[in-house]
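Novice: Quick one: this structure, given as structure tokens, is what I'll be asking you about.
The values are calculated or read from the model by the stated rules, or taken from the named source; none is laboratory data. The structure presented is a predicted model; accordingly, all values stated were derived computationally and were not measured. Cβ: placed from backbone, ideal geometry, glycine included. Neighbour counts: every protein chain shown. Each accessible area value is taken on the protein alone, full model and side chains, heavy atoms only, with ligands, DNA and RNA left out. Shrake-Rupley method; radii C 1.70, N 1.55, O 1.52, S 1.80 Å.
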Amino acid sequence: FSRSYATRLPERPPYRAPDPLVNNPHATYQELPESLTFIHRPPPTAPSPLSYTTAPASPLLKDAASPLAGAALPPTVGKERGEKPRLSDEDIAKMRDLRRADPVRWTRGRLAKEFNCTPWFVGKMVALKGPERRSALEEREAAHAAARAKWGERKTLQADIRKKRKEFW
């Protein structure tokens with residue numbers, strides 16, 4: 001009775017890398033006392049101009065005469081927005097007067113374009129107070145309610161479901 005198959009698969013012996021110092025034409029050997037040998041082998045490649053020793057990665061370690069100091073920067077992402085000019089006290093007072101006279105006509109965005117500033121700045125400087133703010137909010141809510149009145153049954157139902165779900169947050 002004999003087997004016709006192998007009982008185990010053959011294993012490859014572990015890889016043993018050759019010693020790079022043996023038979024290296026660029027290596028220099030120097031005999032030291034006490035039967036020691038000093039072997040010097042130069043690096044296999046030329047030194048890089050971007051090495052960490054000659055050009056460190058940290059900007060604190062770089063000297064002022066670094067070859068990378070004059071390198072061009074990549075283009076900026078998005079457009080550059082310049083500084084807006086500062087508004088005088090008279091301009092801010094005029095902005096307040098316009099906003100209080102007719103907040104429907106003189107909105108934050110329109111005042112921002114008129115005075116060359118941001119809508120956020122207009123909101124900080126000439127925010128509506130008390131009854132003016134309440135009346136503006138009531139007008140906006142009335143306009144939204146009129147738009148909601150035109151909704152169909154499905155859209156109204158979905159909005160009510162979302163409102164109910166939000167109550168459980």
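Novice: Please work out which residue is farthest from Glu139 (Cα to Cα), limiting yourself to the range 98-109 and to residues that are in a helix (DSSP H, G or I), open to solvent by less than 100 Å² (accessible area, probe 1.4 Å) and out of contact with any helix residue (DSSP H, G or I) (no Cβ under 6 Å at 6 or more places or on another chain).
Specialist: Quick first cut of the range 98-109, residues in a helix (DSSP H, G or I) only: 98-101, 108-109.
Keeping just the survivors that are open to solvent by less than 100 Å² (accessible area, probe 1.4 Å) gives 98-99, 101, 109.
Restricting the remaining residues to those that are out of contact with any helix residue (DSSP H, G or I) (no Cβ under 6 Å at 6 or more places or on another chain) gives 98-99, 101.
Working: Leu98: 19, Arg99: 16, Ala101: 16 Å.
The residue in question is Leu98.
Novice: With respect to Glu141, determine if the residue is at pLDDT 90 or above and either touching a Phe, Trp or Tyr at 6+ places or on another chain (Cβ under 8 Å) or part of a helix (DSSP H, G or I) (or both). Even if it seems obvious, please write down each step before you answer.
Specialist: Details: at pLDDT 90 or above: yes; either touching a Phe, Trp or Tyr at 6+ places or on another chain (Cβ under 8 Å) or part of a helix (DSSP H, G or I) (or both): yes.
So Glu141 passes the test.
Novice: Determine, yes or no, whether Leu87 is assigned to a loop (DSSP other than H, G, I, E, B), at pLDDT 85 or above and of a type in the set (A, V, I, L, M). Lay out the reasoning, then the answer.
Specialist: Details: assigned to a loop (DSSP other than H, G, I, E, B): yes; at pLDDT 85 or above: yes; of a type in the set (A, V, I, L, M): yes.
Against the criterion (assigned to a loop (DSSP other than H, G, I, E, B), at pLDDT 85 or above and of a type in the set (A, V, I, L, M)), Leu87 qualifies.
Novice: Still on this model: I'd like the full set of residues that are within 15 Å of Pro43 (Cα to Cα) and surrounded by fewer than 10 Cβ atoms within 10 Å (Cβ to Cβ), limited to the range 23-32. Before you say what the answer is, go through the steps one by one.
Specialist: Just the residues of the range 23-32 that are within 15 Å of Pro43 (Cα to Cα), to begin with: 24-28.
Those that are within 15 Å of Pro43 (Cα to Cα) and surrounded by fewer than 10 Cβ atoms within 10 Å (Cβ to Cβ): Pro25, His26.
Novice: Filter the range 152-167 down to the residues that are assigned to a helix (DSSP H, G or I) and open to solvent by less than 60 Å² (accessible area, probe 1.4 Å) and list them by number. If you could, list the steps in order and put the result at the bottom.
Specialist: Start the filter on the range 152-167 by keeping residues that are assigned to a helix (DSSP H, G or I), which leaves 153-167.
Passing the criteria: Thr156, Ala159.
Novice: Sticking with this structure for a sec: Output the qualifying pairs, or none if there are none: Cβ atoms under 8 angstrom, residues six or more apart or on different chains, first residue in the range 81-100 and within 15 Å of Lys113 (Cα to Cα) and among the β-branched types (Val, Ile, Thr), second residue in a helix (DSSP H, G or I) and open to solvent by less than 100 Å² (accessible area, probe 1.4 Å).
Specialist: Once the first residue is within 15 Å of Lys113 (Cα to Cα) and among the β-branched types (Val, Ile, Thr) and sits in the range 81-100, its partners that are in a helix (DSSP H, G or I) and open to solvent by less than 100 Å² (accessible area, probe 1.4 Å) give Ile92/Met125.
Novice: Mind checking which residues of the range 122-137 are of a type in the set (Gly, Ala, Ser) and not in a helix (DSSP H, G or I)?
Specialist: Ala127
Novice: Of everything in the range 110-151, what is among the small types (Gly, Ala, Ser) and either open to solvent by less than 40 Å² (accessible area, probe 1.4 Å) or in contact with a helix residue (DSSP H, G or I) (Cβ under 7 Å, 6 or more places away or on another chain) (or both)? Give them in sequence order. Walk me through how you get there before you give the answer.
Specialist: First pass over the range 110-151, keeping only residues among the small types (Gly, Ala, Ser): 112, 123, 127, 130, 135-136, 142-143, 145-147, 149.
Ala112, Gly123, Gly130, Ala136, listed by residue number.
Novice: Residue pairs, Cβ under 9 Å, 6 or more apart or interchain, first in the range 6-31 and on the phi < 0 side of the Ramachandran plot and part of a loop (DSSP other than H, G, I, E, B), second aliphatic (A, V, I, L, M) and at pLDDT below 80. List them.
Specialist: Correct list of pairs: Ala27/Leu21.
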